[in-house]
Amino acid sequence: MPRTILVVDDEEIARRFLERALTQEGYHVLLANNGEEALELLRTTRRKVALVVTDLVMPGMGGHAFAVEVGQLSSPPPVLYISAYESPQGEMAKRFLQKPFSVEELIAAVHALITPKQGVGS
């Protein structure tokens, strides 16, 4: 069964770009317009979500607040942040893509977050 990625973005064109790129890479994609809708999906889906890709700037619950809520879930998935307007600092910056980005940049960031790390000598 393909891994599931939840995409959260208020812009339909961005959601469709992400959905197309991730589906072509073999992922199952769930789509949400905002943080509230995404939390509901996370709570009700029967699929294990391997990664959340969320825009930082959205009406209502933005990406920061949404990520805090995701962190409260049991077994929270990792979060990849995207934005055309904000550049996060600190730990978030390691899991951030500045819009616009290429399909190749997206897939590399996704793989980096959901591929198990190999230990030394493995």
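Yes/no per residue for (1) of a type in the set (Ser, Thr, Tyr); (2) open to solvent by less than 70 Å² (accessible area, probe 1.4 Å); (3) closer than 22 Å to residue 1 by Cβ; (4) in contact (Cβ under 8 Å) with a residue 24 or more places away in the chain:
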position	(1), (2), (3), (4)
46	no, no, yes, no
55	no, yes, no, yes
78	no, yes, yes, yes
81	yes, yes, no, yes
Original post:
Looking only at residues in segment 93-109 that are under 16 Å from residue 52 (Cβ atoms) and without any contact (Cβ under 8 Å) to a residue 24 or more places away in the chain, which one is farthest from the chain's Cα centre (by Cα)?
Top reply: 94
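For residues that are among the β-branched types (Val, Ile, Thr) and open to solvent by less than 10 Å² (accessible area, probe 1.4 Å), scanning just segment 1-42, find the one that is farthest from the chain's Cα centre (by Cα). Spell out the reasoning first.
Going through segment 1-42, the residues among the β-branched types (Val, Ile, Thr) turn out to be 4-5, 7-8, 13, 23, 29.
Pick out the ones that are also open to solvent by less than 10 Å² (accessible area, probe 1.4 Å) and you get 4-5, 7-8.
Details: 4: 10, 5: 7, 7: 5, 8: 7 Å.
Top of the filtered list is 4.
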Subject >> Conditions (1) over 19 Å from residue 17 (Cβ atoms); (2) not in a helix (DSSP H, G or I): number failed by residue 94 >> reply: (2)
Original post:
Taking the stated definitions as given, is residue 51 part of a strand (DSSP E or B), closer than 20 Å to residue 18 by Cα, open to solvent by less than 70 Å² (accessible area, probe 1.4 Å) and in contact with a Phe, Trp or Tyr (Cβ under 9 Å, 6 or more places away or on another chain)?
Top reply: yes
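The values are calculated or read from the model by the stated rules, or taken from the named source; none is laboratory data. Source: prediction; values computed, not measured. When we count neighbours, we look across all protein chains shown, and the Cβ atoms used for this are built from the backbone with ideal geometry, even at glycine. Protein only, heavy atoms only, side chains kept; ligands, DNA and RNA dropped before computing areas. Shrake-Rupley method; radii C 1.70, N 1.55, O 1.52, S 1.80 Å.
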